[in-house]
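Scroll down for the structure; my scribbles are underneath it.
The values are calculated or read from the model by the stated rules, or taken from the named source; none is laboratory data. Here the structure is a predicted model, which is why all the values come from computation and not from measurement. Cβ atoms come from the backbone with ideal geometry, glycine included; neighbour counts cover every protein chain shown.
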Ligand code: B4P
């Protein structure tokens with residue numbers, strides 16, 4: 001199996017690149033952001049609980065997200081692999097993911113970290129906010145709050161995966177196709193090495 005984590009701050013292009021990677025490598029896509037928004041649209045209890053966190057730019061509690069991901073993996077066995085987009089976002093989530101995958105006799109092969117500076121991210125998210133209808137993309141203070149959450153809780157994950165020898169930095173500024181090609185180069189190296 002080929003299991004990839006795509007990592008980076010809000011607006012770095014995780015969703016954009018995941019769509020391309022999953023088509024190219026025939027993977028199942030787990031975007032916790034999309035799953036949470038679908039729960040909210042369906043009006044489920046989980047979606048209602050998540051809404052306030054998302055709208056304030058905070059992370060949703062670990063146990064909610066971890067349970068959701070476990071269900072997704074269990075219902076998507078038999079795929080060539082998974083691309084994890086926006087998950088894990090805390091060390092607790094990363095540890096749970098390692099355990100979960102072990103239970104399914106597989107592991108993460110590579111973590112691709114998209115590097116984009118904060119001012120560019122704010123521009124991208126405010127632009128998306130004009131058309132996406134996403135409350136968390138509408139104003140700069142919520143967006144800056146998402147960055148604070150990222151710095152405090154998600155950034156430490158890069159060290160977690162560096163310690164496992166799985167982390168790769170990729171420049172996330174430039175043409176979407178060029179970034180995709182840089183990501184594929186890293187993925188192909190891992191595939192050739194048969195990690
Ligand atoms: P997500 O849905 O994961 O949102 P994101 O980080 O904003 O998006 P992404 O980085 O994928 O950006 P995209 O490609 O779309 O999370 C939303 C919220 O859900 C979180 O704040 C949190 O509350 C909650 N949540 C989700 N997962 C969680 C978890 N595991 N634990 C706890 N809470 C969780 O790109 C953004 C924009 O940039 C797009 O408009 C795109 O067109 C543009 N863009 C992309 N690449 C570009 C490029 N190269 N150049 C110019 N623009 C580009």
For segment 45-62, which positions are modelled with pLDDT of 95 or more and surrounded by fewer than 14 Cβ atoms within 10 Å (Cβ to Cβ)? 61
Output the residue which, of all residues in segment 151-181 that are within 8 Å of the ligand (Cβ to nearest atom) and crowded, with 18+ Cβ neighbours inside 10 Å, is farthest from residue 12 (Cα to Cα). 179
Can you name the residue in segment 51-69 that is over 15 Å from the mean Cα position of the chain (by Cα) and more than 7 Å from the ligand (Cβ to nearest atom) and, of all such residues, is farthest from residue 151 (Cα to Cα)? 67
Tell me yes or no: at least one residue of segment 1-22 is without any contact (Cβ under 8 Å) to a residue 40 or more places away in the chain and more than 13 Å from the ligand (Cβ to nearest atom). no
